[in-house]
Amino acid sequence: MRKESILAAGFLCAFLFAACDNQHAVSSVPGGASNQASHRETRHTMATSSLGAYNINPSKVFIAGISSGGFMAVQLHFAYSGTFKGAAIYAGGVDYCAQDSETNALEDCGGADDGAYTSELSESESYIASHQNTAGMDPVSNIKNQPVYLWHGTDDEEVPAGSMNDLQSEYGHFGATPITYDDTYAANHGWESPYGQVACGTLASPYMIDCSNYDSEQTWLKLFLGTLNAKNTGTLNGSLIQFSQTPYGGGSNDMDSTGWIFVPSNCAAGQSCSLVVALHGCEQNQSVIGTEFITEGGIEQWADTNNIVVLYPYAVSGGSNPDGCWDWWGYTNSSYALKSGPQMADIYAMTKQVMNGSAATATPSPAPTATPTGASPTPTPARTPTPSPTASPTPAPTHTPSPIPTPTHTPSPSPTPTSLGCWTTNNYAQTQAGRAYFQYYTGDALAEGSNENMGLDNTYYVTSLEETSPGYYVIVSQC
């Protein structure tokens, strides 16, 4: 696998989203960029704010990701399978593929061709079996009958077909169905969308590829939600809001200080909505490509007309992570693929916050700022190719975050007074039973649904929880 040249480049420089060979550099906007012209829309934005809460249907919460974000999405899906009801994975691989090893990630989980791939399917399935139904992972039985979408291009130079084939086998092993596997397009490494600026078979930043106007987002959203309303191809009615990730761990563990959320107008008004959490890949963080993962991702156009909130968490570069990848090999800690993994807990905490609204939840109306529409998009500047394998690792960029307002708490919905059950036990047992969840950055247990703080998540703190509606628990003085 030419281990010496790959490792010298810094982790994954020659793997996920890094075109280390100069032949992959581009000097102009690829021809596919012209397809975006009719889809540049007026975008409503607002200054950095606290993350809102919306009336999310808990049966319609999904995870999606590309490359390192694909590996992370798989980790999140298995660890929180009670929350995420399906997954869309672009060029990723099996859960815990790297087994807490950068070397394994390079040598066994991908490389320049299929010949460099060593299957970790058996080890991954054993890992899931040993950790499921514990504090680190929900019961794997949740995966059964959940829909899964997989994408892998036949010309992908970074993630081998064997990696995604094994993921298909893994999901099948645990009963996921239906599984749709798009693996026939002559596509290189990237997130496929009809709004991508990179030609289908080209490996180039920002790794947003267009394969003859194929709409993979329509494919998996229809798989998850059934019949869809026609997407909005003009001015979007929803709002793209930048929010502070700091209350959810942002600023540490290579988490950016801000993320983004797209909120359709109906969802802002309190209607019941679905939720998609979408994760970028390496070299797709904000300091490298801005918000092109969002604007070229092709999700918002469908979300706008189908009541789908889209959450976009963001990572940054760090000393052991020069390309701004999500942690799928263990650069944060050895529990990176479990609920106690810092980034896993952070993303989950954001997800739960978004789900914490109701029909009565109000979202501030943003002051709209117009992005000009026109016959042609603004050309994307030529990008400097990733340094050759002899280059030093890219230093972590310094971010100047936007002013962060004091986080405000969204009022919790008023639960139905009917009691469905009541339990008095220690906080650890409550989280094990799914009546509460662990908040990583405080160490506390929070009641599911109401998010009421129960104190430290251990066996010494005892709390009485009453279920007032399905999946909604409140703290009571006694049962």
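Pulled fully out, how much extra length does the chain show between Leu456 and Ile475, if you take 0.36 nm times their separation in residues and subtract their Cα-Cα distance?
Gain on extension, Leu456 to Ile475, equals 5.4 nm.
Going Cα to Cα from Lys231, which lysines come in below 19 Å? Please leave out same-chain ones fewer than 8 positions away.
Result set, ordered by chain and number: Lys60, Lys222.
Starting from the coordinates of the alpha-carbon atoms of the stretch 126-233, obtain the Kirkwood hydrodynamic radius over all distinct pairs and give the value in Å to one decimal.
It is 15.5 Å.
For Ile475, what is the net charge nearby, where nearby means another residue's Cβ is under 13 Å from its Cβ and Lys, Arg count +1, Asp, Glu -1?
Around Ile475, the charge tally is -4.
Quick one: if the Förster radius is 45 Å, what FRET efficiency do Ala269 and Glu102 give, using the C-beta to C-beta distance and rounding to 0.05?
In this case the efficiency is close to 0.45.
For a Förster distance of 41 Å, can you work out the FRET efficiency between the beta-carbons of Asn237 and Ser212, rounded to the nearest 0.05?
Calculated value: 0.90.
Tell me which lysines have Cα within less than 16 Å of Lys339's Cα, excluding those fewer than 8 residues away on the same chain?
Leaving aside lysines fewer than 8 places away in the same chain, those within reach of Lys339 are Lys352.
Taking N as the number of residues in the stretch 252-346, what is its alpha-carbon radius of gyration divided by 2.2 N^0.38 Å?
1.19
Over all distinct Cα pairs, what is the inverse of the mean 1/r for the stretch 220-286, reported as the Kirkwood hydrodynamic radius in Å?
Mean inverse Cα-Cα distance, inverted, gives 14.5 Å.
Starting from the Cα of Ser122, step 7 Å along the direction of its Cβ; do the same at Asn333; then give the gap between the two resulting points in nm.
Label at Ser122, label at Asn333, 3.2 nm between them.
Coordinate-derived values only; no laboratory data. The structure displayed is predicted, hence computed values, not measured ones. Note that we place each Cβ from the backbone using ideal geometry, even for glycine, and neighbour counts take in every protein chain shown.
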